[in-house]
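Here's the structure, in structure tokens; my notes come after.
The values are calculated or read from the model by the stated rules, or taken from the named source; none is laboratory data. Just so we're clear, the structure is a prediction, and the values are computed from it rather than from any experiment. Because the Cβ atoms are built from the backbone with ideal geometry, glycine has one as well, and the counts that use them run over all protein chains shown. The protein model used for the area step is the full one, side chains on, heavy atoms only, and it has no ligands, DNA or RNA in it. Shrake-Rupley method; radii C 1.70, N 1.55, O 1.52, S 1.80 Å.
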Amino acid sequence: MCKLCKNVMLRDNGSVTIFAVVVLSSLLLFFAVLIDYARIAAMESMTENAARSAVRSVLSAYDEGLYEGYGLFGRGGTEGGEIFAGVMEGNRGTDAISDKNAFRILSTRVESTELLPSSMLGEHAVFAREVLEEEKYKAPVDLTLEVISKFVPLASSLKSSTNEVRTLEQLRKLYEEREALLEQALKEQRLAAELSSDSLLLAAVGIKEGSRSAADLEAGFPEYAKLAARLSEVSAALLELSDQLHAEEAISQAKQADDGEATDENSDMASIKHKIQELQLQSQAISAEMAAFEHELLLFSQKVREEINQLEQSHNERLAEANRKLEGAEQLNSQMKRVLEQSEQAAAASYDSVNRQEVPGAQRFEASELDEASAKDWTEEGKRLLRETSWFQAYSNEINGQGTELSSFTNRMEKLLLAMNASLSKIRRERSYDGSIRSNIDEAKSSYGPYKMNYVNPASALQKREALLEDGIKDKLEEQEAQTRSLWKTAGKMLNGLSFAEDNDEYQALFHEVEKRYEQNLSFNRQIAVADEQARVEESGISPDNAHEAAEQSSSLTDSLFSGLSGMLEHSRNALYFGEYSASRFSYFEPQRMRSFYESGDPGEIAQAASFYNQEVEYVLYGFDHPLGNIMAAYSELFGVRLAIRTMEGLIESRSLGHPLLVLSAALIYGLEKTIEDMLSFAEKGEAPVSKYVKANLSYADYLRLFMLMHGGADSKRLSRMIAVIEQENQVTLSTVPAGVTGQAAVSIKLWFLPGIMKQLERFDLLKGKVTGGRYEATTTIGSSY
């Protein structure tokens with residue numbers, strides 16, 4: 001190797017420079033990758049912000065009709081995809097700068113955009129959220145709490161009165177059933193007594209009672225007593241004739257022995273023989289008469305014994321039925337006791353919950369007079385309807401005693417038959433009659449006397465029992481019941497008169513259209529829409545057959561109302577918000593429209609005014625697809641609530657009547673009269689007093705708010721009806737109106753250094769996007785809703 005080469009090869013000058021080049025090259029590579037990575041991170045952040053801004057811009061275009069009319073936000077206006085793409089294009093970094101000489105550190109490009117709806121306003125959860133947000137900020141609570149505050153003073157009294165009405169109505173039904181059974185038991189006793197008075201046994205012993213006589217037996221015991229005496233005489237005569245016959249035969253035989261032979265010419269012998277023949281004929285006649293008497297007596301005895309058996313059997317059957325009726329009445333009496341015992345536990349706790357509430361900011365209504373009047377214990381009065389166990393035991397003993405007294409008479413009749421047979425035997429043996437039949441007849445008559453006095457005429461025992469059954473109020477109750485029926489007839493015309501109106505085809509078609517929207521929304525929310533009309537009728541208020549059922553149902557209606565008030569005041573207020581939303585955003589049927597119907601009874605004008613657009617709140621509440629169905633349901637519930645309150649007043653006003661059924665009946669009359677006045681007041685003024693004891697008025701619209709609380713406002717069917725109302729008013733389908741959107745944008749940036757290394761980083765999942773053709777592309781997805 002030449003010296004020059006060796007010097008060059010072995011020199012160590014410049015080693016630092018080479019090392020520096022190696023190090024700097026590594027640093028340059030690192031910083032190049034770092035710069036591109038930083039640009040990628042900046043691009044992703046910028047894209048996310050741009051997408052979020054674009055989504056907000058899309059949501060800023062809302063349906064003004066839905067917002068202004070119902071406070072709901074739903075997409076509308078400019079097409080959302082166009083807005084989204086425009087905002088993304090305007091926020092793509094330095095490429096958007098028009099100055100060509102500017103330094104573009106982030107040169108991005110929007111590759112693609114897509115906008116998808118993420119939730120629909122027709123979804124129950126979305127719709128409910130927007131309604132609750134709307135009502136929360138508008139704070140409708142004050143007005144509703146002022147309405148509720150008017151019911152707070154009534155809570156305690158209504159708790160007592162509704163429980164009292166419900167309990168007394170149950171007692172009244174059981175009382176009427178019990179008294180009917182007792183009357184039937186008494187009737188069975190009378191029928192049993194009639195059996196005895198119409199029995200042939202009385203005619204047989206010569207007692208003139210009932211419609212039958214001894215002729216039905218061909219003869220009676222007195223006649224047979226006379227025949228027995230006659231038979232005794234005939235028997236004695238027969239004995240005398242027999243003796244004469246034997247004497248004449250002896251004379252004849254003696255003469256024949258003296259004369260040696262009998263001749264027909266012997267006049268004495270002929271006379272004797274003739275006399276013997278006459279005696280024989282008389283003896284045969286008397287024997288035939290005795291045989292006939294014995295035969296008649298046998299038949300008579302059989303008839304009497306059959307009559308005894310038949311009377312005892314029929315009489316016992318009647319008394320057994322009377323005992324069964326009495327046992328049924330005693331069971332009902334026990335049920336009445338249980339009803340009274342359970343009455344206190346049956347009172348709904350929701351009344352106490354409302355009564356304890358202090359309503360902030362609301363006027364306080366006092367009702368001290370009401371509290372004092374309702375504090376009286378009515379259960380003690382209710383006990384007056386009960387009968388003691390000893391009463392039923394005494395009555396049972398009386399029924400059994402009636403059977404015992406009849407048995408005394410029939411036993412005497414049996415003894416009379418035996419006496420008659422014994423007399424006949426004695427006549428046969430001794431040819432004499434001692435008159436025992438007559439004495440036994442007198443004893444039989446005497447044995448019937450107590451039965452007759454107690455159960456036939458004058459029937460003192462039955463009259464006494466009838467007096468014990470009569471509590472002295474039946475006539476008064478019947479008078480009150482007639483008045484109640486008259487008032488209920490008037491109320492029935494008010495409640496059911498609209499059902500006779502002719503259908504309006506145009507309105508009916510409109511309701512069918514709304515019903516179709518309702519069913520479509522239920523289906524959209526994946527709910528099973530089963531058209532169970534019976535279940536919806538049960539929700540529609542009261543439809544009783546009489547005033548007593550109306551009073552009982554109105555008590556249950558008031559329980560439901562206070563349950564809703566209690567739940568709102570103590571727990572969730574969602575029902576309140578939905579009710580207030582419906583009442584403030586939807587139309588309701590003005591009560592003044594009912595005035596002409598109440599005055600004339602003609603429902604024609606109501607039918608013409610019953611457009612869907614005039615009763616949206618009622619439709620949301622009840623959901624009938626008939627123009628008059630929802631109005632009738634609302635007014636039925638209104639009538640029921642007013643009847644409960646007015647009946648409570650009537651119970652207080654009628655306490656002086658004493659007897660609980662008279663109090664109940666009078667309270668119902670008062671309640672019906674005042675409720676009819678209230679309904680007329682709604683038709684004239686649109687409002688009526690809350691109560692005689694609370695000096696405040698409530699309007700028909702206020703009651704609709706309360707009914708919303710009572711029924712609850714957030715179940716799927718009611719939400720679908722609210723949505724159907726909005727859709728019908730605006731001719732939109734909320735299930736196609738987006739209440740939220742999801743934007744997706746694909747944005748790319750040109751890589752400045754080493755795309756290959758970035759590709760390797762992608763393979764190790766260190767990048768969110770992908771590297772293609774020297775560009776890094778990432779997709780950003782942003783969602784938002786109103």
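Accessible area of residue 29, 1.4 Å probe, to the nearest 10 Å²? For residue 29, the solvent-accessible surface is approximately 80 Å².
The accessible surface of the range 592-654, taken with every protein chain in place and a 1.4 Å probe, is 43 percent carbon and sulfur.
Distant-in-sequence amide contacts of residue 119, defined by a placed amide H-H separation under 5 Å and a gap of 5 or more residues or a different chain, comprise 739, 740.
For residue 414 and residue 493, a Förster radius of 56 Å and the Cβ-Cβ distance give a FRET efficiency of 0.25, rounded to the nearest 0.05. Please name whichever of 730, 688, 747 sits farthest to the positive end of the charge dipole of the range 668-748, dipole taken about the Cα centre and charges placed at Cβ: Lys and Arg +1, Asp and Glu -1. Towards the positive end, the residue furthest out is 747. Would you kindly find the accessible area of residue 391, with a 1.4 Å probe and non-protein molecules such as ligands, DNA and RNA excluded, rounding to the nearest 10 Å²? About 40 Å², ignoring ligands and nucleic acids. If R0 equals 60 Å, the separation of the Cβ atoms of residue 314 and residue 516 corresponds to a calculated FRET efficiency of about 0.30. Solvent-accessible surface of the range 569-649, taken per residue with a 1.4 Å probe and all protein chains present: 29 Å². Heavy-atom accessible surface of residue 625, to the nearest 10 Å², is about 50 Å², with a 1.4 Å probe and all protein chains retained.
Ranking 36, 63 from most to least accessible surface, computed with a 1.4 Å probe over the protein chains only, gives 63, 36.
Taking a Cβ cut-off of under 15 Å around residue 685, the surrounding Lys, Arg, Asp and Glu residues balance to a net charge of -4, with basic ones at +1 and acidic ones at -1. Pairs over the 24 Å Cα-Cα cut-off, from the set 173/695; 415/445; 150/674; 187/383; 674/717: 173/695; 187/383; 674/717. For residue 62, the amide hydrogen comes within under 5 Å of the amide hydrogens of 76, counting only partners 5 or more places away or on other chains and with H modelled in the peptide plane. For the residues 523, 735, 423, a 1.4 Å probe over the protein chains yields an accessible-area ranking, largest first, of 523, 735, 423.
Centroid-to-centroid, using Cα positions, the range 394-418 and the range 649-682 are 51 Å apart. Protein-only accessible surface at a 1.4 angstrom probe places the residues 124, 512 in the order 512, 124, largest first.
Close amide H partners of residue 107, meaning residues 5 or more places away or on another chain with modelled amide H under 5 Å apart, are 750. Here the 3J(HN,Hα) profile of the range 291-296, calculated from phi with Karplus coefficients 6.51, -1.76 and 1.60 at θ = phi - 60°, is 5, 5, 4, 5, 5, 4 Hz, Gly and Pro shown as x. When peptides 68-78, 471-481 are ranked by their average number of other Cβ atoms within 10 Å per residue, the highest-first order is 68-78, 471-481. Placing unit charges on each Cβ (+1 for Lys and Arg, -1 for Asp and Glu) gives the range 39-98 a dipole about its Cα centre, and among 61, 77, 42 the Cα reaching farthest toward its positive end belongs to 42. Put a plus charge on the Cβ of each Lys and Arg, a minus charge on the Cβ of each Asp and Glu, and nothing anywhere else: the dipole of the range 624-733 about its Cα centre is then about 320 debye.
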